[in-house]
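S.K.: Quick one: structure below, then a few questions.
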Amino acid sequence: MRRYAGEDLPVGCRIAVVANDALGNYVVSTPLLQMLRTKWRPSTLHYYSGTRTEELWMEDAKIDWGFPLYGSEPHFSVLSAFAETSEPYDLVINLENTAWSKAFASTIAAMNTYICGPCVGGDSRADLPFEANSQGRLWADKEWISAALPLNYPFLQTGFIGEIFCRLAYLEGDVPPYEVPAREVKEDVPDILISTAASLPEKLWPLEKWVEIIQRFKAQGMEVGLIGAKPTAQSLFWKGSEGEDELVRRRLVKDLRGAFRLPAVVGALAKAKAVLTIDNGILHLAVGSGSPTVGLYRYGIHRLWAPPYENLAVLIPDDDKGVDTIEVDNVWEALQRAL
């Protein structure tokens, strides 16, 4: 394998993308998938991710074949990959920095395969050095949330991770918006959909503030729905399930957790008048659905993870404060503008 530095790929090339198994990570990879399709018109585009996002990438028309790298036994993942890849890949792009993803990316790369992103070197003793250019420096940079990122790397127009992935793959031109599979939902959907759980406790907004914002909507005769993973999975993998249960117990929300498969979640989000969510996967699905969305972010993280799209209003605390300090009045004003 050899480091990729923007070389032309052959006609009918074969490309593999390795990505994190989180909703947000899948959605932010969709601009990259679109640009790869447009630029190279590959005969094969394979996607290695995991079981949590499988319902989406299995229905993604940009992907020819996918495999749940995360959620399967490691030996089974490798054997299945080789069973599917009888021909070598021309380009492997790894968007994840775990030891498993780096080892896997190097495993599916043949001698002449170009590789982009973190991977293990040919002797399996250390990581393969990044290319000696600006893209290589960005791959190695540990401060992707820095406000100076586009200044330090002039090939970036923004610090948004969706654009970063495209530029690190040497793709030029306008970065397309999210494109995620959606299924129509025939059931009635509440006026406002909220998502209150996330992967980290520091992303959470306090229960009492959720209660206040919901009560304001109820006073206007608007129904609020709670959307997310089914409760049995929510408590295993995400933080904030206790607050969700309390909102349901108080009958403040319609409980839609686990009510839909993920493409139908996108369809439900599209039917809502507005979506209020903290920084989690539902936020990215909501933005991809086109629904007006208000997102609550940690300061600094918003530079990397807030998609620069018109239907997203980003709210952040002061730079030395937590998400819990974002005021209800500020959220309410943003929602009124969205509506």
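S.K.: Within region 195-204, how many residues are surrounded by fewer than 17 Cβ atoms within 10 Å (Cβ to Cβ) and not in a helix (DSSP H, G or I)?
M.R.: 2
S.K.: Given the options Thr51, Thr38, Thr30, name the one that is touching a strand residue (DSSP E or B) at 6+ places or on another chain (Cβ under 7 Å) and over 14 Å from Glu96 (Cα atoms).
M.R.: Thr51
Quick grid of which residues meet (1) among the hydrophobic types (A, V, I, L, M, F, W, C); (2) in contact with a helix residue (DSSP H, G or I) (Cβ under 9 Å, 6 or more places away or on another chain); (3) buried (at least 20 other Cβ atoms within 10 Å of the Cβ); (4) at pLDDT below 95:
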position: Leu156; (1), (2), (3), (4): yes, yes, no, no
position: Phe165; (1), (2), (3), (4): yes, yes, yes, no
position: Ala169; (1), (2), (3), (4): yes, yes, yes, no
position: Leu193; (1), (2), (3), (4): yes, yes, yes, no
position: Pro206; (1), (2), (3), (4): no, yes, no, no
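S.K.: Given the structure, is Phe160 under 30 Å from Thr325 (Cα atoms) and not assigned by TED's automatic domain parsing to the domain that holds Ile278?
M.R.: yes
S.K.: Hey, any hits in region 248-258 for a residue that's free of Cβ contacts under 8 Å to residues at least 12 places away in the same chain and surrounded by fewer than 24 Cβ atoms within 10 Å (Cβ to Cβ)?
M.R.: yes
S.K.: I would also like to ask the following. Consider Gly221 against the criteria (1) under 28 Å from Glu179 (Cα atoms); (2) not in a helix (DSSP H, G or I): it satisfies all of them except one. Which criterion is unmet?
M.R.: Only one criterion in (1) under 28 Å from Glu179 (Cα atoms); (2) not in a helix (DSSP H, G or I) is unmet by Gly221, namely (1).
S.K.: Looking at region 67-99 only, could you name the residues that are at pLDDT 90 or above, farther than 18 Å from Thr44 by Cα and surrounded by fewer than 20 Cβ atoms within 10 Å (Cβ to Cβ)?
M.R.: Asn97, Thr98, Ala99
S.K.: Any idea which residue in region 215-240 is modelled with the lowest pLDDT, counting only those that are surrounded by 15 or more Cβ atoms within 10 Å (Cβ to Cβ) and out of contact with any Lys or Arg (no Cβ under 9 Å at 6 or more places or on another chain)?
M.R.: My answer is Ser235.
S.K.: Counting only residues that are buried (at least 21 other Cβ atoms within 10 Å of the Cβ) and in contact with a Pro (Cβ under 9 Å, 6 or more places away or on another chain), which one in region 297-325 is farthest from Leu156 (Cα to Cα)?
M.R.: Per the stated criteria, the residue is Val323.
S.K.: Go through Gly267, Gly295, Gly288 for me and flag whichever is part of a strand (DSSP E or B), at negative phi and in the same structural domain as Leu226 (by TED's automatic domain parsing).
M.R.: Gly295
S.K.: Given the conditions (1) more than 18 Å from Gly24 (Cα to Cα); (2) touching a residue at least 40 places away in the same chain (Cβ under 8 Å), report the number of the one that Gly267 does not fulfil.
M.R.: Going through (1) more than 18 Å from Gly24 (Cα to Cα); (2) touching a residue at least 40 places away in the same chain (Cβ under 8 Å) one by one, Gly267 breaks only (1).
S.K.: For region 12-61, what are the residues that are buried (at least 21 other Cβ atoms within 10 Å of the Cβ), in a loop (DSSP other than H, G, I, E, B) and β-branched (Val, Ile, Thr)?
M.R.: Within region 12-61, Thr53 is the sole residue that qualifies.
S.K.: Residue by residue through region 18-54, note down the ones that are touching a Pro at 6+ places or on another chain (Cβ under 6 Å) and over 16 Å from Pro263 (Cβ atoms).
M.R.: Within region 18-54, Pro31, Gln34, Gly50 qualify.
S.K.: Looking at (1) farther than 14 Å from Gln34 by Cα; (2) out of contact with any Gly (no Cβ under 6 Å at 6 or more places or on another chain); (3) surrounded by 16 or more Cβ atoms within 10 Å (Cβ to Cβ), can you tell me which one Ile145 breaks?
M.R.: Condition (2) is where Ile145 drops out.
S.K.: In region 259-271, what count of residues is obtained for those that are surrounded by fewer than 17 Cβ atoms within 10 Å (Cβ to Cβ) and within 16 Å of Leu335 (Cβ to Cβ)?
M.R.: Residues flagged as surrounded by fewer than 17 Cβ atoms within 10 Å (Cβ to Cβ) and within 16 Å of Leu335 (Cβ to Cβ) within region 259-271 amount to 0.
The values are calculated or read from the model by the stated rules, or taken from the named source; none is laboratory data. Since this is a predicted model, take the numbers as computed values, not measurements. Methodologically, a virtual Cβ is constructed for each residue, glycine included, from the backbone with ideal geometry; neighbour enumeration extends over all protein chains shown.
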